[in-house]
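Below: one structure, written as structure tokens.
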Amino acid sequence: MAQEASSSTSSKTISLKTGDGEIFEIEASAAKQMKTVQRLIDDLGDDITIPLHNVFSKELPKIIEYYKKDITGEITKDFEAEFVKDLNDDEVKVLFLAANYLDANKLFEFLSQNIADRLESKSVEYVRKYFGVENDFTPEEESKLREERAWSFRGIKEDE
Amino acid sequence: MKRQKKSEIDRLSDLPDHLLLHIMQFMIAKHCVQTCVLSKRWKNLWKCLTNIKLFDPYNGVIFDEFVSQFLSCRDNSVPLHNISYKNNVRRNYEIPPKTTNILVEIMEYAASHNVQQLEIKAKTDHIRNLELPPSIFNCDSLTSLTLFLRGVSKSTTKMFPKSLNLPALKTLTLVQFTFFTSSDNGYAEPFSTCNMLNKLVIFACKLQDDAQGLCISNSKLSNLAIGTMNRRSNIHKVILCTPKLKSLTIIGIPPIFPAPSTCSLTNLLEELKFDCMYGSTMGEDILISWLHLIAKVNIMTLSYKILKLMVNILKNNSSMRAQLPSFVKLKSLKVEAYPWKCDDRIREMVSYLLQNSPPPATFDIVTVVKCEATVMKYALAFVLSNGFERVIFEDDCQQVVNVLCNDYLYVNELDTLLSTCSFLFNSNDNYNIVYVMRQVNMVAQNLARASLF
């Protein structure tokens, strides 16, 4: 499902092809905000469909939505809150990775903050799963470390 | 337990250290350290943070010990960009006297690690004889400094150093300081050596008894906000040598000093804001001088309170009315008002003020629909001016509740709205705020509805 190209005759649109084969159109000014895309445009020209192997059709529309708002200069805290309101933690993670891949700085910063906010109240085990971290401590090593750093574990509610 | 797709697990765990650190940078320091137990790779990752948020909403003493440990365990070879410390202790507590004070420790650590931005917001009543280390006022790398060392007693202030050596400083926010008088001209001139200074906020500050006034002379200053909470402030005269000043904001009570005399102020000044939401008097001579300054700007924002005050003074004083200037340059006028205040009444007052002037191109009345914090501001003003001692605020705007609970001083682009709220809210330990869901906030809804009739 391709998005409508902008009706303005003077702004160019760029075609992006996701890793799962779908094509999306974005305005050239939005593409500028995604440095990876811009670099590809600079190398390949703006008439070619830019392939994005690591971005998929589930997340690209959301990213396009963000930068569409950004072009009109209207990204407010309210917009950002609305933007992530219905996303679960995994969906935000996927967007974060996509923003990193696309080198889309503004969105990347905002999502970093959002992930940090979401993880603040979560348990260690949850955070491990979230980042795909394998716990390579032995139970003794881990408890020794916790003791050493007891000054940072004091006063929190442990749920594991 | 759901199994994640293998590809997703690989993708995130493949992230290089600097990206993981990037996310951590948005977390408060305590959680960053806790990541050390995730795995061996994470054990010392937190030590490489360049942006540090030292903030704990609950524990005073424990938190200070954490901060001390954090700073001593941190990797010293990693550059430091940004330290922010907020101590939200709402109740005074007794602590055993320490040999070093945590605020001093943070400032010295910051100065010795070439920090770029330092922000300290703390209650300091419990600290005996707080002496700020000179190193933080002689720091080549510092570009932004916020010092909000709050004493519950409104008249306690700290002495601001006589001389500053902060050549890179662009933004400075000071709350509750007293400035030394310069021996040359009898004025306090604390910032003249900061050649790069661009934004300055001075709130609830005082001068020494012998000072004639406050002099601000900075060639690059474009934004200035100045104000006080009560008429006990002794800043009765302000001189500005700020040729690039674009925006001037008065915060707190209506100004107790006449519009600043200037060397070249009037050339570029575009915007004047009166963020005054309480205080019921203003000297007539002082008002006249500010009216003449208003006549020189393009954009003005007034709080309802000060609009009403100005109009009342003019109505009661015919010779002042005769001197009322014509505000020909005024292109945009905004009034911040209670949502339930009658718009027509506001327009009437604005017409009165502009009786000698052409109507401005844009005129806005900003209400709670656009500005939820304004309501809190007026609520606080109401509570303060009526002397209520114990108050529970119920608010259905999560952002406002967060700001007040977490005791932020919001000085984002001189938006002093939330900062005034925060300052007022925290001036009384017996004010509490509770978040209620909009659907549950029937009291407010019913009152609002009732007020329409």
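Coordinate-derived values only; no laboratory data. Predicted, not measured: the structure shown is a model, and the values here were computed from it. Heads up, the Cβs are rebuilt from the backbone with ideal geometry, glycines too, and the neighbour counts pull from every protein chain shown.
Mind scanning A:Lys144/B:Lys53; B:Lys123/B:Lys162; A:Lys144/B:Lys123 and naming the pairs with a C-alpha gap bigger than 29 Å?
A:Lys144/B:Lys123
Ignore the peptide's own chain and count Cβ atoms of other chains within 10 Å of each Cβ in B:16-28; give me the average, rounded.
Average neighbour count from other chains, rounded to a whole number: 4.
With no solvent and one point per C-alpha, what does the Debye sum give as log10 I(q)/I(0) for chain A at q = 0.13 Å⁻¹?
Normalising to I(0) and taking log10 leaves -0.71.
Radius of gyration and Dmax for the stretch B:31-85's Cα atoms, expressed in Å?
For the stretch B:31-85, the Cα-based Rg and Dmax read 11.5, 31 Å.
Can you give the Rg/Rh ratio of the stretch B:152-298, where Rg is from the C-alpha atoms and Rh is the Kirkwood radius?
With Rh from the inverse mean 1/r over Cα pairs, Rg/Rh is 0.93.
Which lysines, on any chain, are close to B:Lys315 with Cα under 19 Å apart, when same-chain ones fewer than 8 places away are left out?
Excluding near neighbours in sequence, the set is B:Lys305.
So, with +1 on the Cβ of K and R and -1 on the Cβ of D and E, and no other charges, what is the size of the charge dipole of the stretch B:113-229 about its Cα centre, to the nearest 20 debye?
400 debye
Using a cut-off of 20 Å between alpha-carbon atoms, which lysines can reach B:Lys329, once sequence neighbours fewer than 8 places away in the same chain are excluded?
B:Lys244, B:Lys246, B:Lys273, B:Lys296
Just tell me which lysines come within less than 30 Å, Cα to Cα, of A:Lys32; anything on the same chain fewer than 8 places away is out.
Cross-link targets: A:Lys12, A:Lys17, A:Lys58, A:Lys62, A:Lys68, A:Lys69, A:Lys77, A:Lys85, A:Lys93, A:Lys106, B:Lys170.
If you take the C-alpha gyration tensor of the stretch B:135-204, multiply each eigenvalue by 5 and take the square root, what semi-axes do you get, largest first, in whole Å?
20, 16, 10
From zero up to wherever the largest Cα-Cα distance of the stretch A:27-112 sits, split into 5 Å bins and tell me the percent of pairs in each.
All Cα pairs considered, the percentages come to 3, 14, 27, 26, 18, 8, 4, 1.
Can you pull the mean other chain C-beta count within 10 Å for peptide A:83-95?
Numbers: counts 0, 0, 0, 0, 0, 0, 0, 5, 0, 0, 4, 3, 0.
Mean shielding by partner chains, rounded to a whole number: 1.
Using mean Cβ contacts within 10 Å as the protection proxy, how do B:34-40, A:96-102 order, highest first?
Those peptides, ordered most packed to least, come out A:96-102, B:34-40.
Explain nothing, just the number: relative contact order of chain A, from Cα pairs under 8 Å at least 6 residues apart, as a whole percent.
With pairs under 8 Å counted, the relative contact order is 18 percent.
How charged is the neighbourhood of B:Asn234? Take every other residue with its Cβ under 13 Å from the Cβ of B:Asn234, and add Lys/Arg as +1 and Asp/Glu as -1. Intermediate results must be reported in sequence, preceding the final value.
Numbers: positive: B:Lys206, B:Arg231, B:Arg232, B:Lys237; negative: B:Asp209, B:Asp210.
So the surrounding residues net to +2.
What distance in nm separates the two pseudo spin-label positions at B:Asn298 and A:Lys69, each 7 Å out from Cα along the beta-carbon direction?
Going from the B:Asn298 label point to the A:Lys69 one covers 2.9 nm.
Could you work out the mean count of beta carbons from other protein chains within 10 Å of each residue's beta carbon in A:126-133? Numbers along the way, then the final one.
Details: counts 0, 6, 5, 5, 4, 11, 10, 10.
Going residue by residue through A:126-133 and averaging, the value is 6.
Give the peptides B:66-79, B:312-325 in descending order of average Cβ contacts within 10 Å, highest first.
Details: B:66-79: 16.1, B:312-325: 13.4.
Sorting B:66-79, B:312-325 by mean packing, highest first, produces B:66-79, B:312-325.
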